[in-house]
Amino acid sequence: SVGLKVKQTPLPKSNDNPIIYFGRNPSYVPKEVKDENKLTKKKRQEILENLNLSHPHQIVKKIQENLPSHPVNSTGLYEFEPFQVSPKNSFRALQILNAFFKYIDKEEGAVAFDQALNLTILGNSYTIKIFEELDREKEEIVPGDLRGRYQLFFDRFEWKYFPSGRLRLEVVKPYLWNHRKSWSDTKIKRLENQLPGVVRALFLLSKKANEK
């Protein structure tokens, strides 16, 4: 038998630009808006060059000085609300914040102003948090210890949480819906390399908020 010939249209090429909108019904972003807010290669390079802590941003310097005074909790992270990372990964987290805030301070209409990692972009206030994601493993409970829980066909156990080494940067703002709010280490991309996308997303979000 002779089948019908169907012309196959190739799939569109992947887009490596950072995601600005997401959700069940993603908003359409016109091409001219994307082009207008796209960071140039020079600006992207400028952000990444500031990962060096030889001359830290004033906010990062204060965090670095005060960090030893904060205790480490049972999961191995500093008990410091906007900066919850392990001592082992604190230097890398400070590098990321340094690159972020140094670039923000150079942009017109943007200012970072305290250790709580608050900033204002085009009149819109945001709080930045950086924290280390946790992994977990089962820890068997010794006989007579009433902690933990039972799992069918297994002995009593308790979950033990520990730092994973994966860092996450989060934007905190009330009523922030249908917009990307966090960036984190993945198997193929480290958080440092996503900083230009974070900056771009915040400025685009602020511009849209001012248009309402």
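The values are calculated or read from the model by the stated rules, or taken from the named source; none is laboratory data. For clarity, every value in this text was computed on a predicted model and none was experimentally measured. So basically every Cβ, Gly included, is an ideal-geometry build from the backbone, and we count neighbours across all protein chains shown. Protein only, heavy atoms only, side chains kept; ligands, DNA and RNA dropped before computing areas. Shrake-Rupley method; radii C 1.70, N 1.55, O 1.52, S 1.80 Å.
Summed over the range 111-123, residues that are more than 19 Å from the chain's Cα centre (by Cα) and either closer than 11 Å to residue 203 by Cβ or surrounded by 21 or more Cβ atoms within 10 Å (Cβ to Cβ) (or both) total 1. Checked against (1) surrounded by 14 or more Cβ atoms within 10 Å (Cβ to Cβ); (2) assigned to a strand (DSSP E or B), residue 159 passes all but a single condition, namely (1). Do we have residue 132 as among the charged types (D, E, K, R), outside any strand (DSSP E or B), modelled with pLDDT of 85 or more and in contact with a helix residue (DSSP H, G or I) (Cβ under 8 Å, 6 or more places away or on another chain) here? No: the conditions fail for residue 132. For the range 73-101, a tally of residues being touching a Lys or Arg at 6+ places or on another chain (Cβ under 7 Å) and buried (at least 22 other Cβ atoms within 10 Å of the Cβ) returns 0. In the range 162-212, the qualifying residues are those that are small (Gly, Ala, Ser) and over 16 Å from the mean Cα position of the chain (by Cα), and the one that is least open to solvent (accessible area, probe 1.4 Å) is 206. Counting the residues of the range 186-203 that are touching a Lys or Arg at 6+ places or on another chain (Cβ under 9 Å) and either farther than 20 Å from residue 49 by Cβ or in a strand (DSSP E or B) (or both) gives 2.
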